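Novice: The following block contains the structure, expressed as structure tokens.
No lab work stands behind these numbers, since they all come straight from the coordinates. In this text, all values refer to a predicted model and were calculated from it rather than measured experimentally. Please note: Cβ atoms are built from the backbone with ideal geometry, for glycine as well, and neighbour counts cover all protein chains shown.
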Amino acid sequence: MKAFGFEYKRGTSVIHKLDPRSKLIYTILFTILTVYFVNPLVLLLVLLSSVPMVIVAGVSKRWLRSIRGSLFFIAFIFVFNLIGMFWTTGSVADAIFISISMSLRFMALISIFSIFFLTTSPEDLTQSMVQLKIPYDYALTFNMAMRFVPTLSREAQIIMDAQRSRGLELERGNIFQRVRNYIPVLIPLIISSFRRAELVADAMESRAFGATKRRTSLYVLTMGGKDFLFIFCSLAAFLTFLSIKILLGIQ
């Protein structure tokens, strides 16, 4: 079965073997860059800087699937900002500039987080968060929420295929009609989500989750030379992008 969204699949690449904490530092640093810069060229460079990592990790197809699955939102962000900026400033050039910037920013964020979640085991992520002194309940909640993303994506696709087989035309009409066409998809998806959440709650209760505050771990994550080298390269790239603003005055 194909992987959906940010679904993790076990791999043996260098990126897969990195400690989740080192990849988390990379994710935080480059997320700051995407929020800090407005210039489309810089945002494009931030987006392209993640491509070598995608190739090394061997997750190109799933990375492209994540980008492709976000095209609707990218188009929505572009159109929304185009209309809003033109209404506010009355300048077509400024509206196009901001619209491209916001779209590239969203694509860069999707790319950065896609690399992190496609190459990081949920178990390792939870363990790393616990070792960072984050309460286990919060770490587990975050872990389960991220696991639900590909599951809900898969269920949504199944429901859409089932509704299409019954004659529902999701792509028919203008944008408002298309939104209304998705109501027969959203209602079964919401009901299914509640049922799944109830099953998870019952499973956790049957395993006496929360019965004791003291927990033990099967293994402990340790950071090695490759992790520190990766952090150094991430920090160097981060400072390089910041120097662009200082030296060239680019926003």
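Novice: Enumerate the calculated ³J(HN,Hα) couplings along segment 160-173 in order (Karplus 6.51 cos²θ - 1.76 cosθ + 1.60, θ = phi - 60°), each rounded to whole Hz, writing x wherever the residue is Gly or Pro.
Specialist: 4, 5, 5, 5, 5, 5, 8, x, 6, 9, 6, 8, 8, x
Novice: Remind me, relative contact order of the chain in percent, using alpha carbon pairs under 8 angstrom and six or more residues apart? Numbers along the way, then the final one.
Specialist: Numbers: 212 pairs, mean separation 75.4, N = 251.
Across the chain, relative contact order equals 30 percent.
Novice: Moving to a separate point now. From the phi angles alone, apply the Karplus equation (6.51, -1.76, 1.60; θ = phi - 60°) to segment 44-57 and give each ³J(HN,Hα) in whole Hz, x where the residue is Gly or Pro.
Specialist: Per-residue couplings from phi come out as 5, 5, 4, 5, 5, 5, 7, 4, x, 5, 4, 5, 4, 6 Hz.
Novice: Would you mind computing Rg(Cα) / (2.2 N^0.38 Å) for the chain, counting N as its residues? Don't jump to the answer; show the numbers that get you there.
Specialist: Working: Rg = 21.1 Å, N = 251, 2.2 N^0.38 = 18.0 Å.
Dividing the Cα Rg of the chain by 2.2 N^0.38 Å gives 1.17.
Novice: Placing unit charges on C-beta atoms (Lys and Arg positive, Asp and Glu negative, everything else neutral), compute the dipole magnitude of segment 122-220 about its Cα centre in debye, rounded to 20.
Specialist: Details: 14 positive and 10 negative charges, 23 e Å.
Roughly 100 debye for segment 122-220.
Novice: Which whole-Hz couplings ³J(HN,Hα) result when phi for each residue of segment 223-231 is put into the Karplus expression 6.51 cos²θ - 1.76 cosθ + 1.60, θ = phi - 60°, listed in order with x for Gly and Pro?
Specialist: For segment 223-231, the Karplus curve yields 8, x, x, 5, 5, 5, 5, 5, 5 Hz.
Novice: Taking only C-alpha pairs under 8 Å that are 6+ residues apart, what is the relative contact order of segment 122-220 in percent? Spell out each step's value before the answer.
Specialist: Details: 32 pairs, mean separation 21.1, N = 99.
Computed over segment 122-220, the figure is 21 percent.
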